[in-house]
Every structure is written in C-alpha cells, then in structure tokens.
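Notes to accompany the following structure.
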Amino acid sequence: YKLPPGQFRDRAVFYPLQLRFDFKGSFDLLHGSHADLLSRIRPAGEQDIPCWMELVRLVVDGFPFLQEEEYIDTIRERIGLGQAYRLVDGETAAGIMLFCRETGSLDFFGIHPLYHKIGVGEAFLEKAMEHLQPGKESINITTFRAGGKADSRYRQLLTALGFTEARLLVE
C-alpha cells in the first residue's frame, strides 16, 4: 500500500486484496465465439455499476488501496465520456474496461476469473483498437514493476495479451 507498516496501521484503512469468490450466474458466454464476445462489448451505463463493482471486488488484488466511493465517481464520469465498456453475461460482468481514446490508455481493465481462457481480454483489446483516436497506433497500461510484491499475476496476463515493457515510471 506504498506506506511503512506503522503508518498503514495508524490510518486504520484496509481493503483486502482477495475477497471470497462467489460465482453465480449462467455463464453462457463461456461457450460463445470470439465474434460473439466482441459484439457484446458495449459502452457501460449507470445500470451496469452494481455488476461492474462485483467484478472489481473479484479482481481487487490488482488494484490495492481501492477507495470504492471515489472509484464509483470515476466510473460515472467515464460513463458520461463514453470511456467505460463492459461485457455482461446474464447478470455477471465478464469484463470491464476504462479506456481513453485520446491517449490510448487502459485505465482499468478487469476480467472475471472464469473468462480469462476464452478470449475476453483479446476481444476488449480489439474493441479498444477500433476506438483509438486517429493517429494513435498502440494501447498502453501501467502496472506494477516486475518482481514487486504488489504484482500478483497481472503482468503475466498482460504479456500474454501482447503488451511489452516500456520505460519504468514511478506514479
């Protein structure tokens, strides 16, 4: 959480990095095609926020120190800008993405654990490439450094999707 342990304890703010998995739903998309996945990725609306947040809680280990109320405000802002996309399977969010067309930045990218192996990540990246501003040729995402304790598995997933390392940043 980017704090010494004593300061962290003094703040008394804790968000667990792994919550209980509660898989419920029909999961019909697990048997769909890539074209079906791609066609069902849509801009998110206010009505999508509850299932969006359920998925955020499943993938929260990639986003330590999440402040839910601030994050919900961000989702609402990005919905208004047309920069929030979701893939829903019944009432389950299979994937979510906050994407900035102008910068080509993936600012939040979450995939339900049951949907990693069927191409949801690839479909979202294809959708993002379709919506890049003219003149932009790549998508970028910032993650934790290699070997860092905060990098649970996301660098590996992003590498499998075709992302490569660029310069080291400190944020």
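If I model a spin label at ILE141 and LEU157 as a point 7 Å from the Cα along the Cα→Cβ vector, what separation in nanometres do I get?
0.7
Please give the contour-minus-distance gain from GLU69 to ARG167: 0.36 nm per residue of separation, less the Cα-Cα distance, rounded to one decimal in nm.
Details: separation 98, 0.36 × 98 = 35.28 nm, distance 3.15 nm.
Between GLU69 and ARG167, full extension yields an extra 32.1 nm.
Leaving ligands, DNA and RNA out of it, work out the accessible area of GLU46 with a 1.4 Å probe and give it in Å² to the nearest 10.
GLU46 exposes around 90 Å² with every protein chain in place.
Which order do you get for HIS112, HIS31, HIS131 if you rank them by accessible area with a 1.4 Å probe, largest at the top? Intermediate results must be reported in sequence, preceding the final value.
On the way: HIS112 5, HIS31 165, HIS131 60 Å².
So the residues, ranked largest to smallest area, are HIS31, HIS131, HIS112.
Kindly identify segment 63-132 as rounded, prolate or oblate by the Cα gyration tensor criterion: order the square roots of the eigenvalues as a ≥ b ≥ c, call it rounded if a/c is under 1.5, otherwise compare a/b with b/c, prolate if a/b is larger, else oblate.
oblate
Short version: ³J(HN,Hα) in whole Hz for each residue of segment 161-166, in order, from phi by Karplus 6.51 cos²θ - 1.76 cosθ + 1.60 (θ = phi - 60°), x for Gly and Pro, what are they?
Karplus-based 3J(HN,Hα) across segment 161-166 equals 7, x, 6, 10, 6, 10 Hz.
The values are calculated or read from the model by the stated rules, or taken from the named source; none is laboratory data. From a predicted model like this one, the values you see are computed outputs, not experimental measurements. So basically every Cβ, Gly included, is an ideal-geometry build from the backbone, and we count neighbours across all protein chains shown. Keep in mind that these areas ignore ligands, DNA and RNA; they rest on the heavy atoms of the full protein, side chains included. Shrake-Rupley method; radii C 1.70, N 1.55, O 1.52, S 1.80 Å.
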